[in-house]
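K.L.:
Dropping the structure in here first, questions after.
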Amino acid sequence: MKLNLNDTFNKELPADPNTENRVRQVPNAAFSYVSPTKPKNPSIIHVSPQMLEAIGLNEKDAKSEEFLKIFSGAEIYPDTKPFAMAYAGHQFGNWAGQLGDGRAINLFEVDHNAQQWALQLKGAGRTPYSRGADGLAVLRSSIREYLCSEAMFHLGVPTTRALSLVLTGDDVWRDILYNGKPDWEKGAIVCRVAPSFIRFGNFQIFMVQQDLENLKKLTDYTIRHFFPHLGEPSKETYIEFFREVTEKTLEMIIHWERVGFVHGVMNTDNMSILGLTIDYGPYGWLEDYDPNWTPNTTDAGQKRYRFGNQASVGVWNLMQLGNALYPLIEDAEPLEEILENYQKNYLPKHVRMMSDKLGFKQAADAEFILGLETLLYRSEMDLTLFFRNLSKFNEDNPDEFWTLLEDSSYSETLENFKEKWTDFLENYAEILIAENREKAEKISQMNLTNPKYVLRNYMAQLAIDAADEGDYSLVEELFNLLLKPYDEQPETEKWFALRPDWAKTKVGCSMLSCSS
Ligand code: AMP
Ligand code: MG
């Protein structure tokens, strides 16, 4: 196994001089060196062929003993120095102080095909940032992270990736719902991959330590490697950097809205500086269209991170990033203007995205979109089924669509909304007729915007239940299904269906906690 190493983060940024692996406050450092904990009896469950190729490895490498050792944390790749990153953050709106990689250990960076990739193990044991926790991850959450990161990529949503899913052979003590009923679970490790894992919180930690020198080093590093087109660091460059992060964050959230993804824990330490979806914990997929829904039971009271609130939380988080960058800029006005633009741009971008889902060339009226969303909500329409079926809508005969509405709804009283739907469909038909688009072109746009398959919560749970018994065939099946989420795949049509009744209230399907 030959990797084209090119470490930058641990070479260009300040290391914690203390190399003891003991929980502590780490001042004035971007990271602490730490080695993964050796797993008891590691075995590979799955490797992503696409990611393997992206980092310059092949199938043979993936089957080697060395691959298993490196990506389970049993051994350290030659000439590399693993480390955990220091970061802070706001959790659920409150300042939480130092957090850091409590159970992620960065292995190394590689260059392949002119792309820089950082690789890190999630669940490879304690670090100086583990606070009171064990640094481990369990099989169920690792399967969820592994499948979802690759699925999101193939859906066209900016995201961190996953290279491998490994069983450690160790058992992990977990209280799934924090209800005083802990149990042993199988331990696992996902090797996550991204150009960088830097989060808003990496900037926040230097701001709160009033460490201007390191704040500047980190910002310059980020710009040099990931925003090189912005040029040499200066106050103007930092402002432009903030503008781009703001735009990327908004783009990412609009994608989440398009596919029905709820992150679940949008704390500032879970916000990537590259605008990537990061940290798949108690995330979920919207089934019946409910903007108030969050899968995260830890957030059940406040529902801060509910589907319909993600764009607002995005700007709140960006404001925290703006505060962290302020000492480098010392001028609040341009930062405020950028945040105001985010807010101004949100609705038009949301409407444009929804118009794409509807097959429109011109952006629709915001009123029309909001009216549809209310109707989807009230008639408990499955987001994925509704929009995918919509490409079958015939504007010359709007009423015909009723049966597909019935097939896409969880409501037992759908009839009550028939009149409202009739009005909507007639208006919809009118717009389509006025636009007079080539049918094939319209359908193709819709089918590239509205996925046929997403990783419904119950699908991941079925894969987890089987994997717990040692059967990984469903992990493989779902992984392959989600490589082509926009394609018709007749042999797997069973996944294009309403959520089964049993899944509505099952733990893991609609209820998840941060206890991963
Ligand atoms: P999260 O919001 O779940 O991504 O995690 C918040 C913080 O808790 C991060 O600093 C994580 O590294 C840390 N953390 C979460 N789970 C564990 C664990 N099992 N062991 C150590 N640290 C953890
Ligand atoms: Mg996190």
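The values are calculated or read from the model by the stated rules, or taken from the named source; none is laboratory data. Quantities reported herein were computed from a predicted structural model and do not represent experimental measurements. In this analysis, Cβ positions are derived from the backbone assuming ideal geometry, glycine residues included, and neighbour counts consider all displayed protein chains. Note: areas computed on protein heavy atoms with side chains; ligands, DNA, RNA excluded. Shrake-Rupley method; radii C 1.70, N 1.55, O 1.52, S 1.80 Å.
K.L.:
Filter segment 360-371 for residues that are within 26 Å of the chain's Cα centre (by Cα) and crowded, with 17+ Cβ neighbours inside 10 Å and give the result.
P.N.:
Listed by number, the list holds a single entry, ILE369.
K.L.:
Give me a count of the residues in segment 104-133 that are within 10 Å of ligand 1 (Cβ to nearest atom) and buried (at least 18 other Cβ atoms within 10 Å of the Cβ).
P.N.:
Final tally of qualifying residues: 8.
K.L.:
Quick check, is ASP101 of a type in the set (Asp, Glu), open to solvent by less than 10 Å² (accessible area, probe 1.4 Å), within 11 Å of ligand 1 (Cβ to nearest atom) and in a loop (DSSP other than H, G, I, E, B)?
P.N.:
The answer is yes for ASP101.
K.L.:
If you check GLU145 against the conditions, is it within 16 Å of ligand 2 (Cβ to nearest atom), within 22 Å of the chain's Cα centre (by Cα) and of a type in the set (Asp, Glu)?
P.N.:
Judged against the criteria, GLU145 is a match.
K.L.:
Does GLN343 fit the bill of being assigned to a loop (DSSP other than H, G, I, E, B), open to solvent by 80 Å² or more (accessible area, probe 1.4 Å) and on the phi < 0 side of the Ramachandran plot?
P.N.:
The answer is no for GLN343.
K.L.:
Something else: Of the residues in segment 54-66, how many are part of a helix (DSSP H, G or I) and closer than 20 Å to GLU145 by Cα?
P.N.:
2
K.L.:
Looking only at residues in segment 282-292 that are over 9 Å from the mean Cα position of the chain (by Cα) and open to solvent by less than 20 Å² (accessible area, probe 1.4 Å), which one is nearest to ligand 2 (Cβ to nearest atom)?
P.N.:
Ranking the qualifying residues of segment 282-292, first place goes to PRO282.
K.L.:
Could you list, ordered by first residue, the pairs with Cβ atoms under 6 Å in which the first is in segment 407-426 and within 16 Å of ASP288 (Cα to Cα) and the second is among the polar types (S, T, N, Q) and in a helix (DSSP H, G or I), at least 6 apart or interchain?
P.N.:
SER408/ASN389
K.L.:
When the residues of segment 325-340 are narrowed to those that are open to solvent by 70 Å² or more (accessible area, probe 1.4 Å) and part of a helix (DSSP H, G or I), which ends up nearest to ILE223 (Cα to Cα)?
P.N.:
Out of the qualifying residues, it is TYR326.
K.L.:
Output the number of the condition that ALA133 fails; it satisfies all remaining conditions of (1) under 21 Å from the mean Cα position of the chain (by Cα); (2) within 16 Å of ligand 2 (Cβ to nearest atom).
P.N.:
Among (1) under 21 Å from the mean Cα position of the chain (by Cα); (2) within 16 Å of ligand 2 (Cβ to nearest atom), the lone unmet condition for ALA133 is (1).
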